[in-house]
Amino acid sequence: MLPNFLTLAGSALIPFVIGFIYFSPALFGGERWFNLANIANDKRQDVSLPKLLLTIVLNFFIAFGLFLICVHQFGAFSMVGGNAELLHTGAGAAFMEAYGASHLSFGHGAMHGACIGTLAFVVPILGYVTIFERKSIKYFLVYLGYWIINLALMGGCIGAWGAVYA
(Lines give C-alpha, C1' and ligand atoms only; values in the text may rest on other atoms or scores of the structure.)
Protein backbone atom coordinates (compact mmCIF):
# COMPACT_ATOMS: atom_id res chain seq x y z
CA MET A 1 0.00 0.00 0.00
CA LEU A 2 1.32 3.37 -1.03
CA PRO A 3 0.00 6.78 0.00
CA ASN A 4 -2.64 8.42 -2.15
CA PHE A 5 -1.01 11.83 -2.23
CA LEU A 6 -4.18 13.52 -3.48
CA THR A 7 -6.02 12.34 -0.36
CA LEU A 8 -3.11 13.46 1.83
CA ALA A 9 -3.16 16.89 0.20
CA GLY A 10 -6.92 17.14 0.69
CA SER A 11 -6.56 16.08 4.30
CA ALA A 12 -3.99 18.84 4.80
CA LEU A 13 -6.77 21.36 4.13
CA ILE A 14 -9.07 20.00 6.85
CA PRO A 15 -7.47 22.06 9.67
CA PHE A 16 -8.24 25.25 7.71
CA VAL A 17 -11.93 24.42 7.41
CA ILE A 18 -12.21 23.28 11.02
CA GLY A 19 -10.18 26.29 12.22
CA PHE A 20 -12.50 28.68 10.39
CA ILE A 21 -15.47 27.18 12.23
CA TYR A 22 -13.83 26.33 15.57
CA PHE A 23 -12.09 29.68 16.02
CA SER A 24 -15.06 31.74 14.83
CA PRO A 25 -16.32 34.34 17.32
CA ALA A 26 -19.39 32.15 17.94
CA LEU A 27 -17.21 29.41 19.46
CA PHE A 28 -13.65 30.10 20.67
CA GLY A 29 -12.48 32.88 18.35
CA GLY A 30 -12.38 36.64 18.35
CA GLU A 31 -11.54 38.47 21.56
CA ARG A 32 -12.01 35.33 23.65
CA TRP A 33 -9.26 33.53 21.75
CA PHE A 34 -6.84 36.46 21.80
CA ASN A 35 -7.31 36.80 25.55
CA LEU A 36 -7.02 33.07 26.17
CA ALA A 37 -3.82 32.89 24.12
CA ASN A 38 -2.44 36.07 25.73
CA ILE A 39 -1.95 37.74 22.36
CA ALA A 40 -1.34 41.48 22.73
CA ASN A 41 -3.41 43.98 20.73
CA ASP A 42 -0.43 44.96 18.57
CA LYS A 43 0.15 41.30 17.60
CA ARG A 44 -3.44 40.70 16.45
CA GLN A 45 -2.85 40.94 12.75
CA ASP A 46 -3.95 38.96 9.76
CA VAL A 47 -1.83 35.95 8.92
CA SER A 48 0.29 36.44 5.81
CA LEU A 49 0.14 34.22 2.73
CA PRO A 50 3.63 32.73 3.32
CA LYS A 51 2.57 31.66 6.81
CA LEU A 52 -0.60 30.06 5.45
CA LEU A 53 1.40 28.18 2.82
CA LEU A 54 3.80 26.97 5.49
CA THR A 55 0.89 25.63 7.53
CA ILE A 56 -0.31 23.67 4.50
CA VAL A 57 3.13 22.04 4.32
CA LEU A 58 3.04 21.29 8.05
CA ASN A 59 -0.49 19.86 7.72
CA PHE A 60 0.75 17.64 4.89
CA PHE A 61 3.44 16.27 7.23
CA ILE A 62 0.70 15.52 9.77
CA ALA A 63 -1.35 13.78 7.05
CA PHE A 64 1.62 11.64 6.02
CA GLY A 65 2.25 10.70 9.65
CA LEU A 66 -1.40 9.72 9.99
CA PHE A 67 -1.06 7.57 6.88
CA LEU A 68 1.70 5.62 8.64
CA ILE A 69 -0.53 5.17 11.69
CA CYS A 70 -3.87 4.50 9.97
CA VAL A 71 -2.92 2.28 7.02
CA HIS A 72 -1.45 -0.87 8.55
CA GLN A 73 -0.76 -2.42 5.16
CA PHE A 74 2.11 0.03 4.66
CA GLY A 75 4.06 -2.32 6.96
CA ALA A 76 3.85 -5.03 4.29
CA PHE A 77 5.27 -2.60 1.75
CA SER A 78 8.11 -1.85 4.17
CA MET A 79 8.77 -5.54 4.78
CA VAL A 80 9.44 -6.11 1.08
CA GLY A 81 11.97 -3.30 1.07
CA GLY A 82 9.72 -0.78 -0.64
CA ASN A 83 9.49 -2.86 -3.80
CA ALA A 84 5.81 -2.81 -4.76
CA GLU A 85 6.34 -5.62 -7.30
CA LEU A 86 7.08 -8.03 -4.45
CA LEU A 87 3.56 -7.47 -3.10
CA HIS A 88 2.26 -9.28 -6.17
CA THR A 89 4.25 -12.50 -5.66
CA GLY A 90 4.98 -14.98 -2.90
CA ALA A 91 4.44 -14.11 0.73
CA GLY A 92 3.75 -10.46 -0.08
CA ALA A 93 0.89 -11.41 -2.38
CA ALA A 94 -0.49 -13.89 0.16
CA PHE A 95 -0.43 -11.25 2.88
CA MET A 96 -2.12 -8.65 0.68
CA GLU A 97 -4.76 -11.16 -0.39
CA ALA A 98 -5.57 -12.00 3.22
CA TYR A 99 -5.23 -8.56 4.80
CA GLY A 100 -4.98 -6.02 1.97
CA ALA A 101 -8.41 -4.51 2.57
CA SER A 102 -8.53 -4.93 6.37
CA HIS A 103 -9.32 -1.86 8.42
CA LEU A 104 -9.41 0.54 5.48
CA SER A 105 -12.42 2.53 6.63
CA PHE A 106 -13.28 6.03 7.74
CA GLY A 107 -14.14 4.88 11.27
CA HIS A 108 -10.92 2.97 11.75
CA GLY A 109 -8.80 5.87 10.49
CA ALA A 110 -10.76 8.36 12.62
CA MET A 111 -10.21 6.21 15.71
CA HIS A 112 -6.46 6.04 15.08
CA GLY A 113 -6.25 9.74 14.32
CA ALA A 114 -8.23 10.80 17.38
CA CYS A 115 -6.75 8.31 19.87
CA ILE A 116 -3.17 7.61 18.83
CA GLY A 117 -2.56 10.97 17.17
CA THR A 118 -3.90 12.85 20.15
CA LEU A 119 -2.40 10.79 22.96
CA ALA A 120 1.00 10.18 21.36
CA PHE A 121 1.60 13.62 19.87
CA VAL A 122 -0.87 16.40 20.66
CA VAL A 123 -1.20 15.92 24.43
CA PRO A 124 2.57 15.76 25.10
CA ILE A 125 3.50 18.59 22.72
CA LEU A 126 0.62 20.83 23.76
CA GLY A 127 1.41 19.97 27.37
CA TYR A 128 4.94 21.32 26.94
CA VAL A 129 3.59 24.51 25.35
CA THR A 130 1.04 24.94 28.12
CA ILE A 131 3.56 24.38 30.89
CA PHE A 132 6.55 26.33 29.63
CA GLU A 133 4.67 29.18 27.96
CA ARG A 134 2.49 29.45 31.06
CA LYS A 135 -0.79 29.00 29.23
CA SER A 136 -4.01 28.20 31.05
CA ILE A 137 -5.77 24.86 31.22
CA LYS A 138 -8.55 26.46 29.14
CA TYR A 139 -6.01 27.15 26.40
CA PHE A 140 -4.90 23.50 26.57
CA LEU A 141 -8.47 22.18 26.39
CA VAL A 142 -9.53 24.45 23.52
CA TYR A 143 -6.55 23.44 21.40
CA LEU A 144 -6.87 19.80 22.42
CA GLY A 145 -10.47 19.79 21.17
CA TYR A 146 -9.41 21.44 17.93
CA TRP A 147 -6.75 18.80 17.25
CA ILE A 148 -8.93 15.84 18.25
CA ILE A 149 -11.51 16.92 15.66
CA ASN A 150 -8.85 17.54 12.99
CA LEU A 151 -6.96 14.30 13.56
CA ALA A 152 -10.17 12.27 13.60
CA LEU A 153 -11.35 13.76 10.30
CA MET A 154 -7.92 13.58 8.67
CA GLY A 155 -7.39 10.00 9.90
CA GLY A 156 -10.85 9.02 8.69
CA CYS A 157 -10.22 10.36 5.20
CA ILE A 158 -6.80 8.72 5.07
CA GLY A 159 -8.15 5.43 6.43
CA ALA A 160 -10.89 5.33 3.79
CA TRP A 161 -9.15 6.81 0.72
CA GLY A 162 -5.48 7.34 1.59
CA ALA A 163 -4.00 4.07 0.34
CA VAL A 164 -3.28 2.83 -3.15
CA TYR A 165 -2.45 -0.81 -3.81
CA ALA A 166 0.57 -0.69 -6.09
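The values are calculated or read from the model by the stated rules, or taken from the named source; none is laboratory data. This structure is a prediction, so every number in the text was calculated from the model and none was measured. Counting neighbours? That spans all protein chains shown, and the Cβs are built from the backbone with ideal geometry, glycine included.
The condition of being under 25 Å from Phe64 (Cα atoms) and surrounded by 11 or more Cβ atoms within 10 Å (Cβ to Cβ) holds for only one of Ala12, Ala37, that being Ala12.
With respect to the conditions (1) in a helix (DSSP H, G or I); (2) surrounded by 14 or more Cβ atoms within 10 Å (Cβ to Cβ), Leu119 lacks only one, and its number is (2). The residue list Phe23, Phe5, Phe64 contains one member that is modelled with pLDDT of 80 or more, of a type in the set (Phe, Trp, Tyr) and closer than 20 Å to Tyr143 by Cα, which is Phe23. What's the number of the only condition in (1) farther than 18 Å from Met1 by Cβ; (2) over 13 Å from the mean Cα position of the chain (by Cα); (3) touching a residue at least 24 places away in the same chain (Cβ under 8 Å) that Ser102 fails to meet? Failed condition: (1). Out of Ala93, Ala98, Ala26, one residue alone is of a type in the set (A, V, I, L, M, F, W, C) and surrounded by 10 or more Cβ atoms within 10 Å (Cβ to Cβ). It is Ala93. Contact annotation: residue pairs with Cβ atoms under 6 Å, 6 or more positions apart or on different chains, pairing a residue in the stretch 121-142 that is touching a residue at least 60 places away in the same chain (Cβ under 8 Å) with a partner that is part of a helix (DSSP H, G or I), are Lys138/Leu36; Tyr139/Leu36.
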